[in-house]
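Structure record follows, encoded as structure tokens.
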């Protein structure tokens, strides 16, 4: 399987290699699109996790019971959002991996 970094850095070389093998070079564009989606969802998941962790620490420091309950509700909502995004991430990664596995090896020179 080709390295995703190589596809990101040299998509034209990969496309030319696919043309030489009489394969469809637009597959590279699809892979790059799935990679972009995966990175966007991953960034969103990591941002939400960081915010959830920050709020969780604040809950421990909070003295006001009403504020704590409000923050706990927010953290629970974030947990649900993270779960949904992680499912989406798994789906995108699955499709990306399937597409990557279908790419043939490139011909030498």
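The values are calculated or read from the model by the stated rules, or taken from the named source; none is laboratory data. Only a predicted model underlies this, so the values are computations on that prediction, with no experimental measurement involved. Note that we place each Cβ from the backbone using ideal geometry, even for glycine, and neighbour counts take in every protein chain shown.
In table form, for the structure just shown:
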{"item": "Residue 42 touching a residue at least 60 places away in the same chain (Cβ under 8 Å), in contact with a helix residue (DSSP H, G or I) (Cβ under 9 Å, 6 or more places away or on another chain), within 27 Å of residue 15 (Cβ to Cβ) and surrounded by 15 or more Cβ atoms within 10 Å (Cβ to Cβ)", "result": "no"}
{"item": "Unmet criterion (only one of (1) modelled with pLDDT under 95; (2) loosely packed, with under 15 Cβ neighbours inside 10 Å) for residue 33", "result": "(1)"}
{"item": "Pairs where the first residue, in the stretch 90-109, is farther than 17 Å from residue 3 by Cβ and the second is at pLDDT 95 or above and surrounded by 11 or more Cβ atoms within 10 Å (Cβ to Cβ), C-beta under 8 Å, 6+ apart", "result": "92/34; 92/37; 92/38; 92/41; 95/34"}
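Per-residue answers, yes or no, for (1) closer than 22 Å to residue 27 by Cβ; (2) in contact with a helix residue (DSSP H, G or I) (Cβ under 6 Å, 6 or more places away or on another chain); (3) modelled with pLDDT of 95 or more:
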residue	(1), (2), (3)
69	no, no, no
79	no, no, yes
84	no, no, yes
94	yes, no, yes
97	yes, no, yes
106	yes, yes, no
